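Asks: Sharing a structure with you now.
Throughout, read-outs are computed from the coordinates displayed, never taken from laboratory work. Just so we're clear, the structure is a prediction, and the values are computed from it rather than from any experiment. As a convention, Cβ positions derive from the backbone with ideal geometry for all residues, glycine included, and neighbour counts pool all protein chains shown.
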Amino acid sequence: MTHEAKTVSEQTRERLLDAAREAFSQHGFQGATVREICRRAEANVAAVNYHFGNKDGLLAEALNFAPLKAMQLANAKADGNPEVRLRLFIRDFMLMLLDETNGSLPCRIMARELADPTPALDKIVREAIAPLHDFLGKLLREIAGGKTGEAELRRCMHSILGQCLYYRHSHPVLQRLHPKLRYDHKKIETIAEHIADFSLAGIGYISGKTCA
């Protein structure tokens with residue numbers, strides 16, 4: 001194969017991945033068809049089998065959680081107390097989930113998988129969700145200052161993630177309840193600030209109750 005042909009093949013592969021991430025984030029694994037993905041990528045239907053083996057292989061390649069990992073690493077290195085870092089984490093995570101102009105499509109795919117699991121869920125748990133839980137659990141331990149048990153901290157973590165994911169999963173409902181709702185950057189930051197305020201107040205109450 002010539003260098004030029006390889007370049008064309010690589011371009012087709014990248015277009016398929018970009019189209020798949022969009023389709024999977026919008027419609028889920030089951031709802032996104034190979035034909036629709038290829039139409040978006042301007043590629044022959046046979047290209048999916050050629051490059052990825054099948055639709056499962058395409059999903060596995062499309063799930064690139066590097067931005068999510070980079071966000072956690074940057075947060076761990078950020079200046080500020082753990083409360084400030086939790087606020088930063090919630091803001092960045094919400095932007096990844098909701099920002100239509102600069103969000104993370106793999107994170108949106110992850111959110112859909114939590115609501116409607118497919119065979120890709122094991123990979124998503126292993127590569128994204130488990131590391132995210134570990135990271136957030138350590139941050140909450142810093143905030144609680146060793147005053148709260150592991151089970152209670154785990155419930156706090158689930159509450160925080162549940163609030164974040166609600167805005168992603170319930171977007172169609174919220175738009176019908178509030179037709180003017182738009183997730184622009186300012187709105188996302190306002191929602192993230194509310195989740196942080198609510199969560200930190202809850203953690204403070206639980207920590208105080210544990211010590212009483």
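Asks: In this model, which of Lys77/Lys180; Lys69/Lys180; Lys69/Lys186 are farther than 31 Å apart at the alpha-carbon?
Replies: Result: Lys77/Lys180; Lys69/Lys180 exceed 31 Å.
Asks: If you stretched the chain out fully between Asp197 and Arg154, how much longer would it get, using 0.36 nm times the residue separation minus the C-alpha to C-alpha distance?
Replies: Full extension of this stretch gives 13.7 nm more.
Asks: What per residue convex hull volume, in Å³, do the alpha-carbon atoms of the stretch 3-62 yield?
Replies: Value for the stretch 3-62: 66 Å³ per residue.
Asks: Another question about this same structure. Roughly what percent of Cα-Cα pairs across the stretch 66-211 reach past 25 Å?
Replies: Here the long-distance tail beyond 25 Å is 28 percent of all Cα pairs in the stretch 66-211.
Asks: Based on the Cβ-Cβ distance of Ser170 and Glu14, what FRET efficiency does E = 1/(1 + (r/R0)^6) give at R0 = 35 Å, to the nearest 0.05?
Replies: E(calc), rounded to 0.05, equals 0.60.
Asks: Please give the net charge around Arg141, taking every other residue with its beta carbon less than 14 angstrom from that of Arg141, where Lys and Arg add +1 and Asp and Glu add -1.
Replies: It works out to a net charge of 0.
Asks: While we're on this one: Write out the chymotrypsin sites (Phe, Trp or Tyr not before Pro) in the stretch 42-140 meeting two conditions: DSSP loop, and at most 15 other Cβ atoms within 10 Å of their Cβ.
Replies: none
Asks: Hey, fewest Cβ within 10 Å first, where do Glu83, Glu22 land in order?
Replies: Glu83, Glu22
Asks: Kirkwood Rh over Cα pairs of the stretch 11-139 into Stokes-Einstein at 4 °C, 1.567 mPa s: D in µm²/s?
Replies: After rounding, the answer is 83 µm²/s.
Asks: Hey, can you rank 14-21, 166-173 by average C-beta count inside 10 Å, highest first?
Replies: Per-residue mean Cβ counts within 10 Å order the peptides as 14-21, 166-173.
Asks: Quick one: length gained pulling Lys187 to Ala70 fully straight, 0.36 nm per residue minus the C-alpha distance?
Replies: Full-extension gain reported as 39.8 nm.
Asks: Please report, ordered by residue number, every helix of the chain (full DSSP H runs) that is 30 Å or longer along its axis going by C-alpha atoms and whose mean Kyte-Doolittle hydropathy reaches -1.0.
Replies: Span-like helices here: 185-211.
Asks: Now, a different point. How would Thr190, Thr101 line up from fewest to most surrounding beta-carbon atoms within 10 angstrom?
Replies: Thr101, Thr190
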